[in-house]
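The values are calculated or read from the model by the stated rules, or taken from the named source; none is laboratory data. These numbers come from a predicted model, not from an experiment. Note that we place each Cβ from the backbone using ideal geometry, even for glycine, and neighbour counts take in every protein chain shown.
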Amino acid sequence: MTRLFALALVSLILSGCIETRFESPIGDNIETCDVGWKGLWIGADATKQGHEDATAFYVNDACEFIVVDRPEKNGALKQIHVPVNYVHANGKDYIVVADTSLKGLVELRPPHGVKPPPEKSFFYARYRLRGDRIDLWQVDTTHAAELVIGGKLGGTVDKSANELHVFVTGSRAQMLDMLKTHDLFDEKNPVRLVRSKETLEQFERSLLPVGAQR
């Protein structure tokens, strides 16, 4: 699950065929840092599996969000900086990431069924940070599609046998109002991250082949 988060980051896309994107960020009060995120984070399951999952997330002192990943087994580690924005509204916390910010992490096509395609679109996730634990919830794309089809949200739905692409239209203010009115997130399947006691250097060193660790 951690790797899925790394590859799609904010939307936590279960596959490249199921996604919800938004035309605008959430409101105008967008922050570039949540200091509670500073540190090294790994998937809760990874703590039981040792370091078989080489994916981690590191937020440095400058609040830069860095994905640490090894795309190929036993391959070289990569550090990829992904600009992440944070929104605190209605007593809840959200991450907002532009699709253009994910180019170094995953290949994304323009939103399906949108002509002309926008210069950028946005992924959302809701999170809850409690000390050394973060829970993240992806957008429920099926529910988002139902709201668009039912006329409760503006946008488009592109569905085929194995794919579902939703593009929700609206201004920043409309996106903020949308989250006040509709709960778009999948509460049943959170991704859980825990803060690692290791430094980034210790984590990377632990992933080196035996004999290369010093």
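A residue that is among the hydrophobic types (A, V, I, L, M, F, W, C) and at pLDDT 90 or above cannot be found anywhere in the stretch 104-115.
A single entry from Thr142, Thr156 fulfils the requirement of being in a strand (DSSP E or B), out of contact with any Ser or Thr (no Cβ under 6 Å at 6 or more places or on another chain), modelled with pLDDT of 90 or more and polar (S, T, N, Q): Thr156.
The set of residues from the stretch 100-116 being outside any helix (DSSP H, G or I), within 19 Å of Lys78 (Cα to Cα) and not aliphatic (A, V, I, L, M) comprises Lys103, Gly104, Glu107. Output yes when any residue across the stretch 144-151 is of a type in the set (D, E, K, R) and either without any contact (Cβ under 8 Å) to a residue 60 or more places away in the chain or exposed (fewer than 13 other Cβ atoms within 10 Å of the Cβ) (or both), and no when none is. Checked against the condition, which is being of a type in the set (D, E, K, R) and either without any contact (Cβ under 8 Å) to a residue 60 or more places away in the chain or exposed (fewer than 13 other Cβ atoms within 10 Å of the Cβ) (or both), the stretch 144-151 yields at least one hit. Candidates are the residues of the stretch 37-65 that are of a type in the set (A, V, I, L, M), assigned to a strand (DSSP E or B) and closer than 23 Å to Asn189 by Cβ; the one that is modelled with the highest pLDDT is Ile42.
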